Amino acid sequence: MSLLDKILNKAINNEFLTDEEIAFLLDLKIDEQRKELFKAARKMREKYFKNKIFLYGFVYFSTYCRNKCNFCYYRKENNNSIRYRKSLDEILAIADALKKSGVHLLDLTMGEDPYFLSRGREGYNELIEIVKVVKEKTKLPLMISPGIVPKDVLNDLSKVGANWYACYQETHSIDLYKK
């Protein structure tokens, strides 16, 4: 059995893959191997999701950002970008409306807002509270996109209901991008 077969069997049997195994799959260059990967992915999709469509909705709750990522409309240097920071009530109203519309997952998204990320634990606690209250109110799976936060904050966000963490700022730092 090839290394690829072993890794795909692990995935199909719901076993966690190591970082090295994931890197191996992401680095496949041979078309036949990629076809095997996609076949396994289709098998897993069918197993867990059948032929259903799942929707997720973005809740952009802050357009302030301390970064200068060229690809992003909300980058710090773009003076044409309209800046706002939603209140908790506004965030909850949007999240509730998205839930009522049939969305299956919410993505709480912001730039790397200094209001939350540059005030130390006070700012992080406010962010954690937003996630907690949205999770309690909607009961939906949550993806959070708060920018780069310390590991202990990630753990706290997970404890209050964040199911996924998306980091879109990876191109801001050349060293981080290389990783």
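Where a number appears in this text, it was derived from the coordinates with a stated rule and is not lab data. If you're wondering where the values come from, they're calculated on a predicted model, not measured in any experiment. Note: ideal-geometry Cβ built from the backbone for every residue, glycine included; neighbour counts use all protein chains shown.
A few points about this structure:
- Positive-end residue, the chain charge dipole about Cα centroid, Cβ charges, pick of THR63, MET44, TRP164: MET44
- Residue separation of PHE24 and SER2 scaled by 0.36 nm, minus their Cα-Cα distance, works out to 6.7 nm of gained length.
- Amide H to amide H distances under 5 Å link LYS86 with SER62, where only residues 5 or more positions off or on other chains count and H is placed in the peptide plane.
- Cα-centre dipole for the stretch 69-168 with unit charges at Cβ (Lys and Arg positive, Asp and Glu negative), debye to 20: 160
- Dipole check for the chain: with +1 at the C-beta of Lys and Arg, -1 at the C-beta of Asp and Glu, and the Cα centre as origin, the magnitude is about 500 Debye.
- Order by protection proxy (mean Cβ within 10 Å, highest first), peptides 130-137, 141-148: 141-148, 130-137
- Taking 0.36 nm per residue of separation and subtracting the Cα-Cα distance, full extension of the segment from ALA41 to ASN79 would add 9.4 nm.
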